[in-house]
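Visitor: What follows is a single structure, and I will ask about it in a moment.
The values are calculated or read from the model by the stated rules, or taken from the named source; none is laboratory data. Owing to the predicted nature of the structure, the values given are computational and were not obtained by experimental measurement. Neighbour counts are summed over all protein chains in view; Cβ atoms, including those assigned to glycine, are modelled from backbone coordinates with ideal geometry. The accessibility values were calculated without ligands, DNA or RNA, using every heavy atom of the protein model including side chains. Shrake-Rupley method; radii C 1.70, N 1.55, O 1.52, S 1.80 Å.
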Amino acid sequence: MEKREMTVLWVQSGGCGGCTMSMLCAESPDLLSTFEGAGIRLLWHPSLSEETGAEAVGIFDTVLSGRQPLDVLCVEGSLLRGPNGTGRFHVLAGTGRPTVDWVRDLAAAARHVVAVGTCAAYGGITAAGANITDACGLQYEGRQRGGALGGGFVARSGLPVINVAGCPTHPNWVTETLMLLAEDAIAADDLDAFQRPRFYADHLVHHGCPRNEYYEYKASAEKMSDLGCLMEHLGCLGTQAHADCNTRLWNGEGSCTRGGYACINCTAPEFEEPGHGFLDTPKFAGIPIGLPTDMPKAWFVALASLAKAATPERVRRNASSDRIVVAPTIRRTGKGHTER
């Protein structure tokens with residue numbers, strides 16, 4: 001018996017659409033080839049589908065009536081509940097009905113619900129500051145469970161909202177999540193404490209960072225153009241951020257730290273309001289407050305002292321330069337050659 005295609009309906013709410021823009025950069029294969037090969041059928045997407053207006057609403061209605069089975073509801077962007085809980089800050093065009101109400105009804109009909117991006121997962125940038133729109137995630141408000149669907153929500157599959165967090169998401173985080181759902185290969189244990197898929201959230205941005213040699217010797221950049229580690233002075237949170245950005249590169253070769261910019265931990269709830277400038281490293285008695293994950297403060301201080309004392313001149317000088325000014329020493333290696 002031929003397996004039925006997995007159906008996906010995509011709704012965009014309060015956000016910039018950046019996760020869709022990122023997803024379109026999927027390569028080897030491209031996005032549509034990936035969906036076709038995995039047996040994923042996109043019922044509707046506001047940017048990729050031909051249907052608009054009444055045609056699009058008609059697709060929603062066929063899902064809600066039960067005439068069209070819905071396997072996955074993907075929501076991109078935060079849900080706007082204001083003003084005063086009415087949801088009228090974001091009405092689905094042409095329907096006169098708040099988008100948050102459409103999402104609640106569609107979520108009840110879907111086998112799985114996926115939050116695409118940190119806005120949909122936790123509120124994200126849209127919920128920053130005074131949050132006058134009362135923006136929230138599908139199942140979280142920042143770090144607290146709740147959100148538009150409520151903390152106790154489970155989809156028909158028995159799983160909570162799957163939070164593919166990121167600002168924006170890596171295209172493969174989205175496509176791999178959907179491909180795993182198509183094979184019934186995601187269980188509750190495959191999600192971390194904030195309901196992010198563990199295949200990428202069990203990694204740290206620090207893993208594979210090209211600045212790791214500088215980090216190991218605590219040879220730090222002083223300004224954005226420097227080659228050194230960005231943690232000590234320039235706010236990098238790569239040692240704490242849960243994502244595989246430096247081992248699963250963007251567009252085949254990029255990441256924030258590879259591009260010279262500090263990691264701001266965009267896969268985490270409340271990343272948008274760290275309480276200080278994104279490029280500042282808060283310190284107490286000269287020690288960064290945000291230490292690497294699982295690193296006791298006393299160990300960090302002791303290791304940092306030893307590392308700085310042992311820093312090679314090459315690493316020290318290159319760390320505060322915008323290019324390599326001291327090349328590694330060329331040494332003879334191999335059988336019969338011994339260091340003297």
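Visitor: Could you identify the single residue in VAL75, VAL57, VAL63 that is without any contact (Cβ under 8 Å) to a residue 60 or more places away in the chain and open to solvent by less than 10 Å² (accessible area, probe 1.4 Å)?
Guide: VAL63
Visitor: Right, something else. Test ALA188 against the stated conditions and say whether it is surrounded by 24 or more Cβ atoms within 10 Å (Cβ to Cβ) and over 22 Å from CYS19 (Cα atoms).
Guide: Values: surrounded by 24 or more Cβ atoms within 10 Å (Cβ to Cβ): no; over 22 Å from CYS19 (Cα atoms): yes.
No.
Visitor: Which ones in segment 309-328 are open to solvent by 100 Å² or more (accessible area, probe 1.4 Å) and without any contact (Cβ under 8 Å) to a residue 60 or more places away in the chain?
Guide: Correct list: ARG317 only.
Visitor: Quick one: LEU230 ticks every box in (1) at pLDDT 95 or above; (2) open to solvent by 10 Å² or more (accessible area, probe 1.4 Å); (3) under 17 Å from VAL315 (Cβ atoms); (4) not β-branched (Val, Ile, Thr) bar one, so which box is it?
Guide: (2)
Visitor: Could you figure out which of (1) at pLDDT 95 or above; (2) within 26 Å of HIS276 (Cα to Cα); (3) more than 17 Å from the chain's Cα centre (by Cα); (4) crowded, with 20+ Cβ neighbours inside 10 Å isn't true of VAL205?
Guide: (3)
Visitor: Tell me, yes or no, whether segment 119-141 has at least one residue that is crowded, with 18+ Cβ neighbours inside 10 Å and more than 30 Å from HIS276 (Cβ to Cβ).
Guide: no
Residues checked against (1) open to solvent by 50 Å² or more (accessible area, probe 1.4 Å); (2) more than 15 Å from SER220 (Cα to Cα); (3) of a type in the set (Lys, Arg); (4) modelled with pLDDT of 90 or more:
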{"residue": "GLU270", "(1), (2), (3), (4)": "yes, yes, no, yes"}
{"residue": "ASP280", "(1), (2), (3), (4)": "yes, no, no, yes"}
{"residue": "ALA285", "(1), (2), (3), (4)": "yes, yes, no, no"}
{"residue": "LYS297", "(1), (2), (3), (4)": "yes, yes, yes, no"}
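Visitor: Take ARG145 and tell me if it is open to solvent by 40 Å² or more (accessible area, probe 1.4 Å), closer than 28 Å to PRO292 by Cα and among the basic types (Lys, Arg). Show your work before the answer.
Guide: On the way: open to solvent by 40 Å² or more (accessible area, probe 1.4 Å): yes; closer than 28 Å to PRO292 by Cα: yes; among the basic types (Lys, Arg): yes.
In short, yes.
Visitor: Quick one: LEU306 ticks every box in (1) among the hydrophobic types (A, V, I, L, M, F, W, C); (2) more than 13 Å from TYR214 (Cβ to Cβ); (3) surrounded by 15 or more Cβ atoms within 10 Å (Cβ to Cβ) bar one, so which box is it?
Guide: Failing condition for LEU306: (3).
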